[in-house]
Amino acid sequence: MNEKTNNEPKTEEICREEKLSELEIMRQSVDEQKKKAQDYYEQLLRLKADFENYRKRSDAEKRERFEDGKNSLITELIDVFETVKLAKGMIEKSATEATEGSPSLVANGESVQQGLHLIEKKLAEILKLHEVTAIVSVGEKYDPLFHEVVGIIEKDNAEDGMILDEIKAGYKIGDRVLKPAIVKIAKKHGTDTEQDTEQTRK
């Protein structure tokens, strides 16, 4: 009887140790599951971030392709616009030189001129709608980003590099150049114009 009584504390101690061991195992298991859950959560966050970055890049590439396509089309419209302006100027000059003895020629010239004026006006409206602006050239300092030099004009009372003549207009959307302006710039007498022109283009 005494032996049984003496063994009871040992049995209870063993049970407590077993329960503690089980609790420790459960705690470790819970900690492992928490760590796994955290790892999965962080992976999901990284995947989400990667997807967002991919979507942004994709959207940016789409916008860039759209802008490139639009700018290409606008550049073609500018060529048409400039051709119409040139043709209109030629018709106006012909009409001015026509004699009073050729009323039919004058009438035909005026009719063509009116048609070209309407086309020019419509094209100008389209370019304005897309925020296309002409590059300011004459009277400005040469800027290789906006101007292309095709000639030198020797002039002592003009600052070197000042644009004196615009051969062909340039156009831009914001700061993005669609077509550079074709210009001639000033150089003072006594300078090496050929070398200066080459340096200016560079």
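The values are calculated or read from the model by the stated rules, or taken from the named source; none is laboratory data. Here the structure is a predicted model, which is why all the values come from computation and not from measurement. All Cβ positions, glycine included, derive from the backbone under ideal geometry; neighbour counts span all protein chains shown.
Brief remarks on what is shown
- Which numbered condition VAL177 misses (of (1) modelled with pLDDT of 90 or more; (2) among the aliphatic types (A, V, I, L, M); (3) over 29 Å from the mean Cα position of the chain (by Cα)): (3)
- Scope segment 125-150; condition under 18 Å from ASN71 (Cα atoms) and surrounded by fewer than 17 Cβ atoms within 10 Å (Cβ to Cβ); matching residues: GLU125, ILE126, LYS128, LEU129, HIS130, GLU131, THR133, ALA134, LEU145
- Any chance ALA158 is outside any strand (DSSP E or B), in contact with a Leu (Cβ under 9 Å, 6 or more places away or on another chain) and modelled with pLDDT of 75 or more: yes
- Residue check for LYS19: charged (D, E, K, R) and modelled with pLDDT of 80 or more: no
- Output for segment 118-152, where each listed residue is touching a residue at least 12 places away in the same chain (Cβ under 8 Å), within 15 Å of ILE78 (Cα to Cα) and either β-branched (Val, Ile, Thr) or part of a helix (DSSP H, G or I) (or both): ILE119, GLU120, LEU123, ALA124, ILE126, LEU127, VAL132, THR133, ILE135
- Segment 132-174, subset under 18 Å from PHE81 (Cα atoms) and among the basic types (Lys, Arg), residue farthest from the chain's Cα centre (by Cα): LYS168
- All positions within segment 151-169 that are closer than 26 Å to VAL132 by Cα and exposed (fewer than 14 other Cβ atoms within 10 Å of the Cβ): ILE167
- Selected residue (criterion: modelled with the lowest pLDDT) from residues of segment 95-126 that are more than 42 Å from the chain's Cα centre (by Cα) and among the polar types (S, T, N, Q): THR99
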